[in-house]
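A quick write-up on the structure given underneath.
Values quoted throughout were computed directly from the atomic coordinates according to the rules given, and no laboratory measurement underlies them. Keep in mind that what you see is a predicted model, and the values were worked out from it rather than measured. Heads up, the Cβs are rebuilt from the backbone with ideal geometry, glycines too, and the neighbour counts pull from every protein chain shown.
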Amino acid sequence: MTELDIIIPVYNEGDNIIPTLESFRRHLRTPARILICYDFEEDTTLAALRQHDLSPLTIVPVRNLGRGAQAAVLTGFGQATAPAIVVIPADDDYNAPILDQMVAKFEQGCEIVTASRFIPGGCMEGCPWLKGTLVRLAAFLLYHLAGLPTHDPTSGFRLFSRRLIQSIPIESTMGFVYSIELLVKAHRLGWKIGEVPAQWHERQRGQSRFRVMAWLPAYLRWFFYALATRFLGRGPETVHLKPA
């Protein structure tokens, strides 16, 4: 029985996807499906998948319902059936050993498990100066000022419970902003949040789709949402859930 669905948004990741999948094959023990969410049939990722035998991994290519990073993730959410869902970048061929740890945290009752770069055992290396500064500043303020129970609130590498995905509507419309939105809403609801240490290295092949300045205003909305939870006493009743 599949216990974990792994969503990998891709855009011409032919040079990256095989090392990442090979790392899953070596390290992942949790029964899982891997959903490769792509925009177009000519994507180099699909050609790479056809050229390699990756058994016994269960790999499911999924055509996105729209274009862009968020459309890929939301398409994956719509296809996911496992109780736990992880979103991970296509070039991450070094964090597979922590996926079982993330599932263990989920089994202990966590609705979200963040892969944290800013706790002992984690790291962020090779990050451009501006992006690194903004990410670290946001992490510091949200943890120490807003009381958010994670040291790495902006990471897109995260585990979500299926219950959370089915319950909390996503208002964000761009990039990976949905991830911090779900985090701060779950915190306001009082749902359990955990974290495990993770590595992060600037990608060596291909082009990142992270657009820090373009997405900054959208991130700020949820930054202030987290502050309001703590300082304005906004409680669970202010979170609009999907109809049961």
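Below, the figures for the structure above:
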item: Helix axis angle, 69-79 relative to the chain longest principal axis, alpha carbon, degrees; result: 80
item: For LYS242, net neighbour charge (Lys/Arg +1, Asp/Glu -1) across residues whose Cβ lies under 13 Å away; result: +2
item: Taking all pairs of distinct alpha-carbon atoms in the chain, Kirkwood radius in angstrom; result: 18.2
item: Extension gain, LEU216 back to ALA104 (0.36 nm per residue minus Cα-Cα distance, nm); result: 37.1 nm
item: Likely footprinting exposure, VAL184, VAL62, fewest C-beta neighbours within 10 Å first; result: VAL62, VAL184
item: Listed peptides 191-197, 170-176, 129-135 by packing density, highest first (mean Cβ within 10 Å); result: 191-197, 170-176, 129-135
item: At R0 = 22 Å, FRET efficiency that the Cβ-Cβ distance of LEU137 and GLN204 yields, to 0.05; result: 0.25
item: Full-extension gain in nm, GLU125 to SER55, via 0.36 nm per residue minus C-alpha separation; result: 22.0 nm
item: Where Cα atoms sit under 23 Å apart: lysine pairs in the chain separated by 8 or more or lying on different chains; result: 4
item: Residue order, fewest to most beta carbons within 10 Å, for CYS123, CYS110, CYS37; result: CYS123, CYS110, CYS37
item: Relative contact order (%) - the chain, alpha-carbon pairs under 8 angstrom, separation at least six; result: 22
item: Residue order, fewest to most beta carbons within 10 Å, for SER161, SER155; result: SER161, SER155
item: FRET E, pair GLU3, PHE231, Förster distance 51 Å, beta-carbon r, rounded to 0.05; result: 0.85
item: Most mobile listed residue (LEU164, LEU28, LEU145) in the chain, GNM with C-alpha springs under 10 Å; result: LEU145
